[in-house]
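Below: one structure, written as structure tokens.
The values are calculated or read from the model by the stated rules, or taken from the named source; none is laboratory data. This one's a predicted model, so the numbers in the text were calculated from it and none came from an experiment. Heads up, the Cβs are rebuilt from the backbone with ideal geometry, glycines too, and the neighbour counts pull from every protein chain shown.
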Amino acid sequence: MVRAALLALLLAGPAAAQEAVAELDADLTGDGRMEHAALLDTDRIALQIHDAGGRLMAQSEAIVWRGQPNEGPHLEVNARGSLIVRSSNWGIGRNKWEMAVTVAFRRGRFVVAGLTFGEVDTFAPDDAMSCDVNLLTGRGVITRHGQEKAVRIDTPAPPVESWGEEDVLRICPE
């Protein structure tokens, strides 16, 4: 039994052997059964979603940026049953930021359905930026210097597996 557990950890990849920093059980697929979502503390913040039987359904090696230790990333579910992964840095340094990545189950797989991101340099607060993009529709709003601008993103909602923390700045450029 112990050998089987160790083999499962080795075969599941490096993220499986890391400690969970946030976990949540919810019906994320709309089938009435609970899935298990976990954020894992690897070199980055990884996301894994398992079905009720423990089978890995989706995984991102870097779903959000790492926040400060006292502001660890967390998980929640919105009213539509989508998973929200939140991370922030408000405690240390002059550059503050927060982000929320929305993960939804569509057409039999988990996709990154939305991104909300905001940042401010506390020495230049008038240069604050915020970005809110629905990747299912391609529509969003970017606000800079207090000016709001509607944007259209041609990138379709990517599968969770292909999402990386660098996608934040690609979708919400500085």
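Scanning the range 46-90 for residues that are among the hydrophobic types (A, V, I, L, M, F, W, C) and either touching a residue at least 60 places away in the same chain (Cβ under 8 Å) or in a loop (DSSP other than H, G, I, E, B) (or both) returns 47, 49, 52, 58, 62, 63, 64, 65, 79, 90. A single entry from 116, 155 fulfils the requirement of being out of contact with any strand residue (DSSP E or B) (no Cβ under 8 Å at 6 or more places or on another chain), farther than 17 Å from residue 57 by Cβ, among the polar types (S, T, N, Q) and surrounded by 12 or more Cβ atoms within 10 Å (Cβ to Cβ): 155. Condition check for residue 111 on (1) at pLDDT below 95; (2) closer than 30 Å to residue 33 by Cα: one failure, at (1).
The rows are residues; the columns are (1) outside any loop (DSSP other than H, G, I, E, B); (2) free of Cβ contacts under 8 Å to residues at least 60 places away in the same chain; (3) under 28 Å from residue 43 (Cα atoms).
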| site | (1), (2), (3) |
| --- | --- |
| 120 | yes, yes, yes |
| 123 | no, yes, no |
| 132 | yes, yes, yes |
| 137 | no, yes, no |
| 141 | yes, yes, no |
| 150 | yes, yes, no |
| 157 | no, yes, yes |
| 165 | no, no, yes |
| 173 | no, yes, yes |
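If you go through the range 42-78 and keep only what is touching an Asp or Glu at 6+ places or on another chain (Cβ under 8 Å) and among the basic types (Lys, Arg), you end up with just 44.
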